[in-house]
Amino acid sequence: MPVHIVEHPLVHDALVILREARTPPELFRRMAVRISLLLAAEATRDLPAASVTVSTPLGPAEGRRVSGEVVVVPVLRAGLGMLDAVLELIPSARVGHIGLQRDELTAVASRYYSKLPPTLGESFVLMIDPMLATGGSAVAALDLLREAGARNVRMICIVSAPEGIALVEQHHPDVHIYTPVVDDGLNDHKFIVPGLGDFGDRLYGTQ
Ligand code: PRP
Ligand code: URA
């Protein structure tokens, strides 16, 4: 499975602010948007584009416009913190939602919501979920996307653990993962170490 480690210094600059325990939700949200923009740009490098000619004030200019359907799929709730950034880059994208919640004791993800566009099979699908820990949520979401017909799927995560990467590789070896970092591993509560804590809680101030 291709794992793309995004080394851009601006990505890592935002990541340390997200990791810092004293970062308040307001700044956390801004950094989530910033890092998501940069990661999404990397994950969409080979988005289909068509040649166009436009007229500048001085004459015709050749260029390329993004063509083809793009579907962005945030995994609720934390993935919503990345959505605006992706839509800023690809305003025409359709949005599918998948709601998953990890059990606090077992860390097993269960689905509580799903609404996907009908065009998944022909689309470039970008799944966004900031944390790839055990990989249970990612695999559940990817299973759902596959069942709904998705064929060309990429995934963007802000922090990954080796366990999560291995599980996605086992179940969905063709899915490309874009992440700035693979951390050391998981603690007894299946949180990424050093990670950044509970992304959803930090994003929304619910801890
Ligand atoms: C977080 C995160 C992922 C999941 C990762 O969501 O956004 O979806 O945990 O963990 P995993 O790889 O072990 O499955 P959480 O279930 O905490 O829900 P939330 O987004 O509603 O806070
Ligand atoms: N979900 C989070 O938000 N953080 C982790 O470290 C693991 C799962």
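The values are calculated or read from the model by the stated rules, or taken from the named source; none is laboratory data. Keep in mind it's a predicted model, so treat the numbers as computed, not measured. Cβ coordinates were reconstructed from backbone atoms using ideal geometry, including for glycine residues, and neighbour counts include every protein chain displayed. When the accessible area is computed, the model is the full protein with side chains, heavy atoms only, and any ligands, DNA or RNA have been set aside. Shrake-Rupley method; radii C 1.70, N 1.55, O 1.52, S 1.80 Å.
Just going by the charge dipole of the chain, with Lys and Arg at +1 and Asp and Glu at -1 on Cβ, which of 27, 101, 139 is farthest out on the positive end?
The Cα lying farthest towards the positive end belongs to 27.
Any idea of the accessible area per residue across the chain, 1.4 Å probe, to the nearest Å²?
Using a 1.4 Å probe on heavy atoms only, each residue of the chain averages 51 Å².
Round to a whole number: what % of the accessible area of the stretch 3-204 belongs to carbon and sulfur, probe 1.4 Å? Could you put the intermediate results ahead of the total?
Numbers: 5350 of 10160 Å².
Solvent-exposed carbon and sulfur of the stretch 3-204 make up 53 percent of the total.
Kirkwood hydrodynamic radius, the stretch 1-102, all distinct C-alpha pairs: what's the number in Å?
About 15.9 Å for the stretch 1-102.
Could you size up the charge dipole of the stretch 77-207 around its Cα centre, putting +1 on the beta carbon of Lys and Arg and -1 on that of Asp and Glu, and report it in debye to the nearest 20?
Using Cβ point charges on Lys, Arg, Asp and Glu, the stretch 77-207 gives about 420 debye.
Normalising by the residue count of the chain, find the relative contact order in percent from Cα pairs under 8 Å and 6+ residues apart.
Numbers: 409 pairs, mean separation 48.2, N = 207.
Computed over the chain, the figure is 23 percent.
What translational diffusion coefficient, in µm²/s and rounded to a whole number, does the Stokes-Einstein relation yield for the stretch 1-48 at 25 °C and a viscosity of 0.890 mPa s, taking the hydrodynamic radius as the Kirkwood radius over Cα pairs?
In µm²/s, the coefficient is 211.
Compute the convex hull volume of the Cα atoms of the stretch 3-204, divide it by the residue count, and report the result per residue in Å³ as a whole number.
127 Å³
Lys/Arg Cβ at +1, Asp/Glu Cβ at -1, dipole of the stretch 48-207 taken about the Cα centre: which of 192, 164, 59 is farthest positive-ward?
Final value for the positive-end residue is 59.
Mind checking the dipole of the stretch 1-154: about its Cα centre, +1 per Lys or Arg Cβ, -1 per Asp or Glu Cβ, Debye to the nearest 20?
Numbers: 16 positive and 16 negative charges, 33 e Å.
Using only the charged Cβ atoms, the result is roughly 160 debye.
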